[in-house]
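K.L.:
This is the structure I have questions about; it appears just below.
The values are calculated or read from the model by the stated rules, or taken from the named source; none is laboratory data. For clarity, every value in this text was computed on a predicted model and none was experimentally measured. Because the Cβ atoms are built from the backbone with ideal geometry, glycine has one as well, and the counts that use them run over all protein chains shown.
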Amino acid sequence: MNRSVALRGGAVLSMLLGFVPGLLFLVIGFVGGVYVDQRFPEYVPFIGHRSESNVDLSQVQEAVRLIQADYVDGNLDSTKLSHGTVQGLVNSLGDPFTVYFDPDQYKRLQQSYQGKYTGIGIYLSFSTGYPVISGTVPGSPAAFAGLKAGDQVVKVGDKDIKGITADQATALIQGPEGTKVTLTILRGTESMTFTITRAQIQVPTVRSATVGNHVLYVRIYSFASNTSTEFSAALKTGLPGASGMVLDLRGDPGGFISAADDVISQFVSTGETFETHGRSGVDRHQVGSQHGAPTVPLIVLVDANSASAAEIVAGSLQVHQRGKLVGTTTFGKGSVQEDFVLSDGSDLHLTVQRWFLPNGQTIDHKGLTPDVTVTLPTPTDAYDVSQPSQGYAKDTQLNAALGLLPGG
């Protein structure tokens with residue numbers, strides 16, 4: 001059995017931080033699938049497998065024998081029975097971040113770890129209601145089809161997806177290149193149906209622009225394997241001559257812990273970035289050696305869909321008093337998931353740790369409280385850095401951030 005850990009809400013450290021309202025990983029995930037939290041794991045040292053068990057599996061085995069022997073339909077699918085058994089164990093935990101993926105689903109999720117996937121190119125935000133499209137990837141099938149920010153996704157195919165997690169949404173919306181997926185969309189009071197052909201999509205996790213009075217604006221959509229390099233490049237290109245910086249983590253579901261560490265280290269010179277607590281003890285992550293922006297005035301934008309690794313970055317910068325948070329209370333995803341790849345290629349995405357800020361506090365189930373609370377009237381009012389010509393006049397949170405910066 002292979003193992004990988006992820007902090008996703010939403011995720012090899014597999015420490016994918018999960019986000020969810022969604023998945024410590026997917027966009028929020030979100031992307032078209034969904035680029036969702038908990039999709040970007042990275043490998044961690046194998047510390048030994050706990051094989052002891054006090055779970056009585058005799059009833060499970062007895063039930064399987066009875067089904068195979070006496071169920072009215074003798075043409076049973078043994079693979080489905082096996083997957084269903086594991087799914088039942090997962091459901092019994094009552095943990096929305098512990099997820100079971102069949103081999104095909106897990107294979108598609110692995111592609112997302114590298115910022116690549118086959119889907120339609122949408123960014124989703126999650127809650128207890130229906131997922132809301134917060135944006136589309138430029139040039140993607142979703143953009144060409146006419147999907148818009150603010151659209152609610154009510155159904156994928158015939159499946160109602162109210163309250164769905166980011167990982168689950170990703171599994172439903174992503175699929176082989178050239179295949180089609182049908183989404184039922186609620187736009188205002190109008191119900192619309194879109195049938196979209198999936199395609200290969202590569203999504204940059206970092207985009208930047210200059211706004212206000214020479215202020216560097218950098219948005220991180222998720223923390224993937226290439227985020228550290230992309231973020232470093234954005235700083236090197238945009239910081240010379242900048243009077244300040246806005247780091248936008250709104251709608252970011254999380255991802256690789258190593259990427260979160262690297263981003264924090266660009267702003268903080270010494271100390272702890274965050275820590276994880278598990279059965280094997282406490283692991284205290286320390287600031288790295290790359291400090292590209294140790295003194296630039298900084299504001300961090302967050303919202304209810306900032307989760308997992310995004311909360312690690314925002315919370316650590318707040319604790320270090322390196323930058324003020326502007327926006328609304330974050331999601332509150334303080335657990336860590338690990339991927340256990342089973343013998344048939346399926347995957348058990350299991351919660352194995354909790355993470356804490358450098359001051360020892362947890363944000364689990366409560367989120368981070370902004371220093372300055374500012375709401376955004378509608379998702380479509382947010383600044384779209386991929387379409388800078390549209391401006392940011394309606395983005396109340398970004399404008400509040402600029403007002404807090406010198407010369408913003």
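K.L.:
Could you tell me which of the residues G241, G254, G288, G271 is on the phi > 0 side of the Ramachandran plot, touching a helix residue (DSSP H, G or I) at 6+ places or on another chain (Cβ under 6 Å) and either surrounded by fewer than 21 Cβ atoms within 10 Å (Cβ to Cβ) or not acidic (D, E) (or both)?
P.N.:
G254
K.L.:
Restricting attention to the stretch 244-259, and to residues there that are modelled with pLDDT of 95 or more and out of contact with any Ser or Thr (no Cβ under 7 Å at 6 or more places or on another chain), which single residue is farthest from V296 (Cα to Cα)?
P.N.:
Per the stated criteria, the residue is D248.
K.L.:
Continuing with this model, one more query. For a quick check of your reading: which strands (runs of 3 or more DSSP E) sit entirely within the stretch 123-189 and have at least 1 residues that are at pLDDT below 90, under 21 Å from S386 (Cβ atoms) and touching a Leu at 6+ places or on another chain (Cβ under 7 Å)?
P.N.:
The qualifying strands (runs of 3 or more DSSP E) are 132-136.
K.L.:
Across the stretch 272-307, what is the number of residues that are part of a loop (DSSP other than H, G, I, E, B), under 30 Å from S125 (Cα atoms) and among the hydroxyl-bearing types (S, T, Y)?
P.N.:
So the count comes out to 1.
Listed here are the residues, each with its yes/no results for (1) farther than 20 Å from A382 by Cα; (2) surrounded by fewer than 24 Cβ atoms within 10 Å (Cβ to Cβ); (3) more than 15 Å from the chain's Cα centre (by Cα).
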site	(1), (2), (3)
Q200	yes, yes, yes
T205	no, no, no
G212	no, yes, yes
V218	no, yes, yes
A224	yes, no, no
T227	yes, no, no
K236	yes, yes, yes
V246	no, no, yes
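K.L.:
May I ask you to say which residue of Q387, Q337, Q397, Q353 is of a type outside the set (S, T, Y), closer than 30 Å to T136 by Cβ and in contact with a His (Cβ under 8 Å, 6 or more places away or on another chain)?
P.N.:
Going through Q387, Q337, Q397, Q353 in turn, the sole match is Q337.
K.L.:
Name the pairs whose Cβ atoms lie under 8 Å apart, with the first residue in the stretch 268-287 and at pLDDT below 90, the second assigned to a loop (DSSP other than H, G, I, E, B), and 6 or more positions between them or separate chains?
P.N.:
That search, which allows pairs on different chains as well, returns R279/R50; S280/I47.
K.L.:
Working carefully through the options S232, S269, S265, S228, find the one that is in contact with a His (Cβ under 9 Å, 6 or more places away or on another chain), part of a helix (DSSP H, G or I) and of a type outside the set (D, E).
P.N.:
S265
K.L.:
Tally time: how many residues in the stretch 142-198 are among the charged types (D, E, K, R), crowded, with 19+ Cβ neighbours inside 10 Å and closer than 24 Å to D381 by Cβ?
P.N.:
1
K.L.:
For G332, which of the numbered conditions (1) over 27 Å from V282 (Cα atoms); (2) within 19 Å of the chain's Cα centre (by Cα) fails to hold?
P.N.:
So the condition that G332 fails would be (1).
K.L.:
Please specify each residue of the stretch 63-92 satisfying the condition of being surrounded by 11 or more Cβ atoms within 10 Å (Cβ to Cβ), over 23 Å from H349 (Cβ atoms) and of a type outside the set (A, V, I, L, M).
P.N.:
Those that are surrounded by 11 or more Cβ atoms within 10 Å (Cβ to Cβ), over 23 Å from H349 (Cβ atoms) and of a type outside the set (A, V, I, L, M): Q68, Y71.
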